[in-house]
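K.L.:
What follows is a single structure, and I will ask about it in a moment.
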Amino acid sequence: MSSREPSVILKVLLKAGSVFVCAIPLRYRRWWPLQKDEDLRGPAMISGLIEFLLGANPLAPSYFLLAEGAVRFLAAVSSRQVLPTLILQVFAWIGEAREKKQMAAQLGPLVPDRIERGQGKLWDLRVLSCREKPHWSPFMTIRFEDTFYQMFEQEISDGPRKFAYLLRKQPETRLVVVVFEYDPRDVMAPDVPPRRWKP
């Protein structure tokens, strides 16, 4: 027996198991060794096809399984998406909403961001916020008070505004692709999506 055979067998077993695992929402299958959509595309196609065929069973037809299986199969084929079953995804959404609520309670009440000016420092603005800004990154631009800034560092601070962002003025030679309008009161409406600047 060659040394490669166990790894080949393991890969086959992982692919076979993935047919069932890919029907589970991502948050519940992080323990599974195969995570990338390209690794799960084949198993997701088979999983959707099996669900479709179960729904098409003439003895006990189920239009829900038929439709969901078709959607999951086509998503894997056309857009390379690994879609879980809707029922399990609903449970995942409920769990995520509950976790979000608990995290918000731990972070405290919403308060407007505090802006510190960085005269003579490496940064021009220090934004202290009570909530994280996941859409802020060094690759996008922030427009505040008619000036363009680039975020270059994120820190954890003390007090009610735990998230600190260091910004510097946008270099003139830097290519601008995505620009977000910023107002210190934006954090008070967490469900409102970030506003893109339109010149």
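We did not get these values from a lab; they are worked out from the coordinates using the rules stated. All of these numbers come straight from a predicted model, not from anything done at the bench. Methodologically, a virtual Cβ is constructed for each residue, glycine included, from the backbone with ideal geometry; neighbour enumeration extends over all protein chains shown.
K.L.:
Using modelled amide H (1.01 Å from N, peptide plane; none on Pro or chain starts), what sits under 5 Å from the amide H of F148, excluding residues fewer than 5 places away?
P.N.:
Q170
K.L.:
So if I place +1 on the C-beta of Lys and Arg and -1 on the C-beta of Asp and Glu, and nothing else carries charge, what would the dipole magnitude of the chain be about its Cα centre? I want it in debye, nearest 20.
P.N.:
The dipole magnitude comes to about 160 debye.
K.L.:
In region 57-133, with Lys and Arg counted as +1 and Asp and Glu as -1 at Cβ, which of these residues, S78, L125, Q89, has the Cα nearest the positive end of the dipole, that is, farthest along it?
P.N.:
Result: L125, furthest along the dipole toward the positive end.
K.L.:
I'd like to know which of L53, Q35, L10 lies farthest towards the positive end of the charge dipole of region 5-103, counting +1 on Cβ of Lys and Arg and -1 on Cβ of Asp and Glu.
P.N.:
Ranked along the dipole, the leading option is Q35.
K.L.:
Using alpha-carbon positions, what is the distance between the centroids of region 136-199 and region 85-109, in Å?
P.N.:
Distance between centres, Cα-based: 26 Å.
K.L.:
For the chain, take the longest principal axis of its alpha carbons; what is the angle in degrees between that and the long axis of helix 86-107, to the nearest 10 within 0 to 90?
P.N.:
Taking Cα atoms only, the helix is inclined about 30 degrees.
K.L.:
Quick check: the angle from helix 37-55's long axis to the longest principal axis of the chain, C-alpha only, nearest 10 degrees?
P.N.:
The angle comes out at about 50 degrees.
K.L.:
Given Cα pairs under 8 Å that are at least 6 residues apart, what percent is the relative contact order of the chain?
P.N.:
For the chain, the relative contact order is 14 percent.
K.L.:
A 28 angstrom limit on the alpha carbon distance is what I want to check against. Which of K101/K133; K101/K198; K101/K162; K121/K162; K11/K100; K36/K133 exceed it?
P.N.:
From the list (K101/K133; K101/K198; K101/K162; K121/K162; K11/K100; K36/K133), the Cα-Cα distance tops 28 Å for K101/K198; K11/K100.
K.L.:
Residue-wise, which Karplus ³J(HN,Hα) couplings in Hz belong to region 8-15, taking 6.51 cos²θ - 1.76 cosθ + 1.60, θ = phi - 60°, and x for glycine or proline?
P.N.:
The phi angles translate into 5, 4, 4, 4, 5, 5, 5, 5 Hz.
K.L.:
With +1 on each Lys and Arg Cβ and -1 on each Asp and Glu Cβ, how big is the dipole of region 114-188 about its Cα centre, in debye rounded to the nearest 20?
P.N.:
Computed about the Cα centre, the dipole is about 140 debye.
K.L.:
Counting only DSSP beta bridges with both residues in region 73-199, what percent are antiparallel, rounded to the nearest 5?
P.N.:
If I count the DSSP bridges inside region 73-199, around 85 percent turn out antiparallel.
K.L.:
Could I ask something else about it? Roughly what angle does helix 63-78 make with the longest principal axis of the chain, taking Cα atoms, 0 to 90 degrees, to the nearest 10?
P.N.:
That helix lies at roughly 70 degrees to the long axis.
K.L.:
Okay, moving on. FRET efficiency for L110 and E153, Cβ-Cβ distance as r, R0 = 25 Å, nearest 0.05?
P.N.:
Efficiency computed from Cβ-Cβ geometry: 0.55.
K.L.:
Then there's this: Given Cα pairs under 8 Å that are at least 6 residues apart, what percent is the relative contact order of region 114-188?
P.N.:
It rounds to 34 percent for region 114-188.
K.L.:
Multiply the residue separation of A92 and A16 by 0.36 nm, subtract the distance between their alpha-carbon atoms, and state the gained length in nm to one decimal.
P.N.:
Here the segment from A92 to A16 would lengthen by 25.0 nm.
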